[in-house]
Structures are given as C-alpha cells and as structure tokens.
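Accompanying notes for the structure given below.
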Protein chains: 2
Amino acid sequence: MRSNRRKFKHEPPDQRKLELIEAALSLISENGVKGSTVRDIAQRARVTQGLIRHYFSSKSDLILSAYRHHMEQMNGVTYASASRLEGSAKERLTAFIRASLTPPVVSPRAVCLWASFLVQLQQDANMKKTHEETYTEFRDHLEDLIAAALKETGRVVSKDKLRYLATACNAVIDGLWLEGGALPDEFASDELPDIGLNSIGSIIAVDLREKVAQP
Amino acid sequence: MRSNRRKFKHEPPDQRKLELIEAALSLISENGVKGSTVRDIAQRARVTQGLIRHYFSSKSDLILSAYRHHMEQMNGVTYASASRLEGSAKERLTAFIRASLTPPVVSPRAVCLWASFLVQLQQDANMKKTHEETYTEFRDHLEDLIAAALKETGRVVSKDKLRYLATACNAVIDGLWLEGGALPDEFASDELPDIGLNSIGSIIAVDLREKVAQP
DNA sequence: CGCGTTATTATACGTTTGTATAATTATGAT
DNA sequence: ATCATAATTATACAAACGTATAATAACGCG
C-alpha cells in the first residue's frame, strides 16, 4: 500500500524551534493566546501538531518562549539605537525615543501581542517574572538617558525628581506607542516620534527637536 | 422523592441581565474573553449556565453587551466630571484629565478589560464599531476642552495644530492610564493626575497645576 | 549500504466548550 | 386556588482542545 504520510525535512532544531515561535507570535497577535490552538500554530508553521510537544513540554512552555523572544527583540531594537551612537547624551536620548516610536516597535502586531500576553501575566508566574525584568530594564535605561541629558545641560536633579521625570516620559512613550499601534492610520510616518520628542522635551525642559541638517 | 433541584428566585429581567454582565466583566478582567467560559460566568452570577442563553442569544452577544456597558460606564464617569463644572475652560479640562487618571478609570481591572477586548475587536465587527464610536467621542471631547482652554487664554491655533495637540494629550492620558493600571503600586494616589496635568500643561503651554505639587 | 537515532507524522483519549432542548419551579393575574 | 407564563434548572450533544503515545521516515555515521 502506498504511504499517505506527509513528506518532511529535518530542520536544525534551533531553526524549527524559531519557526514554531514565529508562528505562535503571528497567530497570538491575531487571535490571542487562548484563541491560538496548538493545531493552528503547527499548521501555520507547516508541521503537524505532535511536533510542538517534541520541542516544548507544553503549550504554556511555547507561549513563555514566544513571549521572551518577542520582548528581547523589541527591547533589542530600542537599546541598539541608543548605544551605537557616539554622540551627545541628548542625541542618544533622542535616538532611544525615536526607536521606541517607530516600527517595528510601533505596530498593530506589537500592541496586540502586548494585550494578549497581559492576560497571561496574571496567571503564569514565569511570564510575570520575565515581564517585570524587561519592564524595569527599559525604564532604568530611559532614566539613565534622561539623567545624562540633564547633566549635559548642567542641571542636577534629585533622585525622586529623576524618577518622576522618567515615569512621566515613560508614560508618554507608552501612550504614543499604544495609539500608534492601535490606530496606525491616524498618524503620518514621522508624527509619532515628533510628538514624543516635543512632549518629553517639554517635560524635562530639554529641547529634543531635531534640527534640519546644518548648511 | 425529594427534589434535588436548586431553589431560585425570579429577578427583574434587567437586574439579572446586569448581574450576568457584571459577572462576565469581572471574570474577563481576570481570565480574558476566551478564558471566561459561560459556565464560569454563570457560576459567578450564582445561576446555572442555561440562564445565559435565556438572556443572550450567544456568548458573543453577552461579550458585546458587557463591552458596551463597560465603555459607557468609563466614559460616563469622565464626561460627568467636566460637564457638571460651571468653572472656566481650564478648570473643566483639568477635571477631565483628573477623572481620566483616577480610579475607577485607572485600575488594573480597566486595563485588563481593555487588553482582553482588544483581541476581540479584530474579529467582531459589532465590537469594532462600538470601539470606534467611544474612542472618537473621547478624543473629540478632549479636543473641544483644549480648544476652549486655549481660547480662554487668548490663543488661536489652526485646526491641524489643534488636532496635533489633542493627539499628544490623548496619548499622555492613555500612557499614564496604562501605567497606572498595569503597575498600581508604582504611583502614589495623586501622582498620576499630577504628572498628567504637568505634562499636558507643558504640551499645550497652559499651566494646569492646581497647587504647588511638583517635587 | 545498513543501522541506530531522532525528527516528524499519525492516531487516540479524556475533558472542556458552546449550544440546544427538555423538565421544573416561582410568580402574578384571575 | 388555579392556571398560564416566564424564569430558572437540568441534561444532552457534537466539536474542539491539550496532551499522550505509537508508528514511520529522514539523516548521519560506520
């Protein structure tokens, strides 16, 4: 009897794992975590469902891996923008804000993923831990950049005041990020970073507006 | 033979319906939409699951009703704060921002509900319509208040500039709302409206501070 | 080429889910 | 008190779900 079995290729384990994670993320952004079944995820990755159990001990294990991967990617993009610059503290802060308010960080996908994962955070202690780590990391990074930018202009602020400013700036970034991702058609391509730089500039009293190229 | 059947009381239909909606909302804020089964919802409302089908044609009908109820309530609280004031435009804008950044609008429950519903918006056309209506309503309300406050100080801005300012202010409110709800322990009771009033005041160049408050 | 290993497919199982329908109880009008 | 009606409970069912296990095909190594 002829075999009806699907043909398949052995992929390097890390690559297959990544494919499953990518399939999971794209589906979760569309249907949420509970709305993304292991069968759906396997189908999108073009494998059969049993394979998921071969690479991940359970569905929630896959979800956690996908969450970590996504957060690392988002934060990575943002941090890289600020750290590869050799310029002034003000320029690094500007680059950081700009990266936070530009695709791929700002995107419907990212907002939907954030919303989908939020529900799980309440129930999965491992995810909650990952969340707190990445959030604190981002917030401290922003606080350092603000402190450096203020110092650069000769200003010294108390620890409390610095925390206050970082919280406000962080909220502005989050808000713009949220709106930009939730309503992608409402904003012109440069509008979001523009609003962000102006607003944060107002809050910390540092002019972050980027000048037109000098003659 | 003695009946094992549960005793029950007839409730006024509207009240029972509201109880089911409240049970649904509280459960959705904990477990998401897909994570809240009709059995769970019925149990929290202390009725049996069949009753849900008696009041709602399907689960998604109940979800839509719950979403509408929640949004009306949130917007209602905010609008009431600004409209019952007879004071200046600046005072009304301040009250509006303050209400948007104070419980019950700011709360873990509200943020979780927002996140849970966001996923459904992509798939349910009725919910999407309700969403766009309530969002536009809020945003226009804010824009009107900003316009009035600017006019009060003798300033006139273009339509585009006004839209720009409203978008930025809206984003600040959203961001602070998000952070306040997601991290309720990070903020002292008056910190959130304080940051909001300062930041928005900076953006539109109107001093909204009610007292000497900045640390 | 043959062979062990493991990546992959295929099938099966028990539970939960939304929905449908039947059976009963409470309530208000007569 | 009785009766009709609406509210509520109880039960049933097919589909979908996460998980477990068995079968097979691809691959690297001798």
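Residue-by-condition table, conditions (1) surrounded by 21 or more Cβ atoms within 10 Å (Cβ to Cβ); (2) within 9 Å of DNA strand C (Cβ to nearest atom); (3) without any contact (Cβ under 8 Å) to a residue 60 or more places away in the chain:
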site	(1), (2), (3)
B:6	no, yes, yes
B:15	no, no, yes
B:20	yes, no, yes
B:29	yes, no, no
B:41	yes, yes, yes
B:69	no, no, yes
B:75	no, no, no
B:88	no, no, no
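Considering only residues that are farther than 26 Å from residue A:114 by Cβ and within 10 Å of another protein chain (Cβ to nearest Cβ), look in region B:199-209 and name the one that is modelled with the lowest pLDDT.
B:202
Take region A:24-65 and flag every residue that is assigned to a helix (DSSP H, G or I), away from DNA strand D (no atom under 13 Å from the Cβ) and of a type in the set (A, V, I, L, M, F, W, C).
Residue satisfying the conditions is A:25 alone.
Quick check, is residue A:105 away from chain B (no Cβ under 13 Å) and buried (at least 17 other Cβ atoms within 10 Å of the Cβ)?
yes
Taking region B:144-172 on its own, how many of its residues are more than 8 Å from chain A (Cβ to nearest Cβ) and either at positive phi or of a type in the set (Phe, Trp, Tyr) (or both)?
Going through region B:144-172, the residues more than 8 Å from chain A (Cβ to nearest Cβ) turn out to be B:144-163, B:165-166, B:169.
Checking the rest, the ones that are also either at positive phi or of a type in the set (Phe, Trp, Tyr) (or both) come to B:154.
Selection size over region B:144-172: 1.
A quick yes/no check of all residues on (1) out of contact with any Leu (no Cβ under 6 Å at 6 or more places or on another chain); (2) part of a helix (DSSP H, G or I); (3) surrounded by fewer than 16 Cβ atoms within 10 Å (Cβ to Cβ); (4) at the interface with chain B (Cβ under 8 Å from one of its Cβ atoms):
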site: A:112; (1), (2), (3), (4): yes, yes, no, yes
site: A:133; (1), (2), (3), (4): yes, yes, yes, no
site: A:142; (1), (2), (3), (4): yes, yes, no, no
site: A:174; (1), (2), (3), (4): no, yes, no, yes
site: A:181; (1), (2), (3), (4): yes, yes, no, no
site: A:194; (1), (2), (3), (4): yes, yes, no, no
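Tell me yes or no: at least one residue of region B:133-154 is modelled with pLDDT of 90 or more, closer than 21 Å to residue A:182 by Cα and touching a Cys at 6+ places or on another chain (Cβ under 7 Å).
Yes: one or more hits.
Can you tell me how many residues within region B:89-110 are assigned to a loop (DSSP other than H, G, I, E, B) and not polar (S, T, N, Q)? Spell out how you get there, then give the answer.
Here is the first cut: in region B:89-110, the residues assigned to a loop (DSSP other than H, G, I, E, B) are B:101-107.
In the following step, the residues that additionally are not polar (S, T, N, Q) were identified as B:101, B:103-106.
Of the residues in region B:89-110, 5 are assigned to a loop (DSSP other than H, G, I, E, B) and not polar (S, T, N, Q).
Kindly establish whether residue A:16 is more than 14 Å from chain B (Cβ to nearest Cβ), more than 18 Å from residue A:120 (Cα to Cα) and in a loop (DSSP other than H, G, I, E, B).
In short, no.
Quick check on residue B:100: is it within 23 Å of residue B:199 (Cα to Cα), of a type outside the set (Lys, Arg) and within 19 Å of the chain's Cα centre (by Cα)? Don't jump to the end; show me each part of the working.
Working: within 23 Å of residue B:199 (Cα to Cα): yes; of a type outside the set (Lys, Arg): yes; within 19 Å of the chain's Cα centre (by Cα): yes.
Taking the combined requirement at face value, the residue satisfies it.
The values are calculated or read from the model by the stated rules, or taken from the named source; none is laboratory data. These numbers were taken from a predicted model, which means no experiment stands behind them. So basically every Cβ, Gly included, is an ideal-geometry build from the backbone, and we count neighbours across all protein chains shown.
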